[in-house]
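Worksheet: the structure to be examined is printed underneath.
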Amino acid sequence: MTLGGGVGWLSRKAGLSLDRLEAADVLLADGRRVRASEEEHRDLFWALRGGGGNFGVVTAFTYRAVPMPETVLGASLHYRRAQWRRALGAFERWSRDLPDELAAVVSIASPPPEDGLGDAPQLAIHSVWIDEDHARGEALIGALRRALPPDRELSGPVSWEAWQGARSEAVPTGARGLWRNASFRSLDEEVLDALAAVAEALPGPGASLDLHLLGGAFARVPEGATAFPHRGGRLMVSIHLAWQDPGEDARFRAFAERAAAELARLRERGEYVNFRSIERTRPVPEVTREAYGAETYRRLQRIKQIYDPGNMFRRTLNVAP
């Protein structure tokens, strides 16, 4: 998670997981053990923060911890299909000037079977206020609730562990899977229409579309400070597909290609490598170069030539030396 980025509920408040990394102990391809930080092996430290598992085996991470309140304020506002386009527009307007302490993700997916709500996909705006002043968080969430009253709502104080783990069963063990993503500086009408069209075409249970609100601490890290490829996006959409039957491979892959092509017309450059599956339909380094952009990829390539010239570490989105 850290080597590729670490997008999550703390991204706005504290940055990516890699932004909290202070040092890493690394076993290199030639058997050497080194410590990478701002003081030692700075080139390797830069590459580890976003460059994936291309440079060595990290045996220890040293992080700056994030102080957390005892409980956070969580809210999930659910909307039926007829409201999806309006809900996306309401979310776009509401999310423009939120404080860093408020994190939010729009998710369109079939509800879990234990909810007893059927197989039809639903749109939910999940938001969490990460601060002890719950009254302020409730006022901010209340503004969205008033702008577009939900069909169903779950909200209230919750432990961080419960909130963080609430969706951990979304991808079942052993599932076949495919992930894609795209980032946007804004959600104009054309992007909103494209997101709604992709959501309407989701191929069934196990398929979901998430829209992550970025900004905050994530966006205040300079673009070239780490190897993470796209700090400029205000929102990131990720498509997650999971299915069990190999006979469904062609249908799910065809949907992924159509959705990716639709979003690629409108997105910012770069992709988040942790949300990009390796499909091997073309050379992996070619996909990697597109994900990072030419300039960042060339810099990663130069560092790869120093620390792994034989390309021992090549099982992820590979940077070819």
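Tabulated data for the structure shown
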{"read-out": "Qualifying residue in the range 101-110 (condition: under 23 Å from M236 (Cα atoms), open to solvent by less than 60 Å² (accessible area, probe 1.4 Å), hydroxyl-bearing (S, T, Y) and assigned to a strand (DSSP E or B))", "value": "yes"}
{"read-out": "Residue in the range 69-87 that is modelled with pLDDT of 95 or more and under 28 Å from V284 (Cβ atoms) present", "value": "no"}
{"read-out": "Cβ-Cβ under 6 Å pairs, at least 6 apart or on other chains, the range 55-73 side closer than 29 Å to R136 by Cα, far side exposed (fewer than 10 other Cβ atoms within 10 Å of the Cβ) and at pLDDT below 95", "value": "none"}
{"read-out": "Any hit, the range 205-220, residues being modelled with pLDDT of 90 or more and open to solvent by 30 Å² or more (accessible area, probe 1.4 Å)", "value": "yes"}
{"read-out": "Matching residues, the range 283-317, being open to solvent by less than 20 Å² (accessible area, probe 1.4 Å), assigned to a loop (DSSP other than H, G, I, E, B) and modelled with pLDDT of 95 or more", "value": "D308"}
{"read-out": "Selected residue (criterion: modelled with the highest pLDDT) from residues of the range 112-136 that are open to solvent by less than 40 Å² (accessible area, probe 1.4 Å) and in a loop (DSSP other than H, G, I, E, B)", "value": "I130"}
{"read-out": "Given (1) open to solvent by 70 Å² or more (accessible area, probe 1.4 Å); (2) at pLDDT 90 or above; (3) farther than 30 Å from V287 by Cα; (4) not β-branched (V, I, T), number of the condition W179 does not satisfy", "value": "(3)"}
{"read-out": "Filter pass, R42 being among the basic types (K, R), under 19 Å from D308 (Cβ atoms) and in contact with a helix residue (DSSP H, G or I) (Cβ under 9 Å, 6 or more places away or on another chain)", "value": "no"}
{"read-out": "Residue ID - least open to solvent (accessible area, probe 1.4 Å), chosen from residues in the range 56-69 that are part of a loop (DSSP other than H, G, I, E, B) and either among the hydrophobic types (A, V, I, L, M, F, W, C) or in contact with a Ser or Thr (Cβ under 8 Å, 6 or more places away or on another chain) (or both)", "value": "V66"}
{"read-out": "Any hit, the range 185-200, residues being of a type in the set (A, V, I, L, M), assigned to a loop (DSSP other than H, G, I, E, B) and crowded, with 18+ Cβ neighbours inside 10 Å", "value": "yes"}
{"read-out": "Cβ-Cβ under 9 Å pairs, at least 6 apart or on other chains, the range 257-282 side within 12 Å of M236 (Cα to Cα) and assigned to a helix (DSSP H, G or I), far side open to solvent by 60 Å² or more (accessible area, probe 1.4 Å) and modelled with pLDDT of 85 or more", "value": "F275/W179"}
{"read-out": "Candidate set: the range 38-55, residues that are over 15 Å from L317 (Cα atoms) and part of a helix (DSSP H, G or I); chosen: the one nearest to the chain's Cα centre (by Cα)", "value": "W46"}
{"read-out": "Lone qualifier among L21, L10 - being under 18 Å from D131 (Cβ atoms), modelled with pLDDT of 95 or more and of a type outside the set (D, E, K, R)", "value": "L10"}
{"read-out": "Identity of the residue in the range 219-235, closer than 20 Å to E101 by Cβ and hydrophobic (A, V, I, L, M, F, W, C), that ends up farthest from the chain's Cα centre (by Cα)", "value": "V221"}
{"read-out": "Subset of the range 244-263 [under 30 Å from A103 (Cα atoms) and open to solvent by 20 Å² or more (accessible area, probe 1.4 Å)]", "value": "E257, R258, A260, A261, E262"}
{"read-out": "Scan of the range 1-37 for residues that are out of contact with any strand residue (DSSP E or B) (no Cβ under 6 Å at 6 or more places or on another chain) and farther than 25 Å from R314 by Cα, ordered by number", "value": "G8, L10, S11, K13, A14, G15"}
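The values are calculated or read from the model by the stated rules, or taken from the named source; none is laboratory data. The shown structure was predicted, so the numbers you read here are calculated from the model rather than taken from an experiment. As a convention, Cβ positions derive from the backbone with ideal geometry for all residues, glycine included, and neighbour counts pool all protein chains shown. Side chains are part of the model used for accessible areas, which takes the heavy atoms of the whole protein and leaves out ligands, DNA and RNA. Shrake-Rupley method; radii C 1.70, N 1.55, O 1.52, S 1.80 Å.
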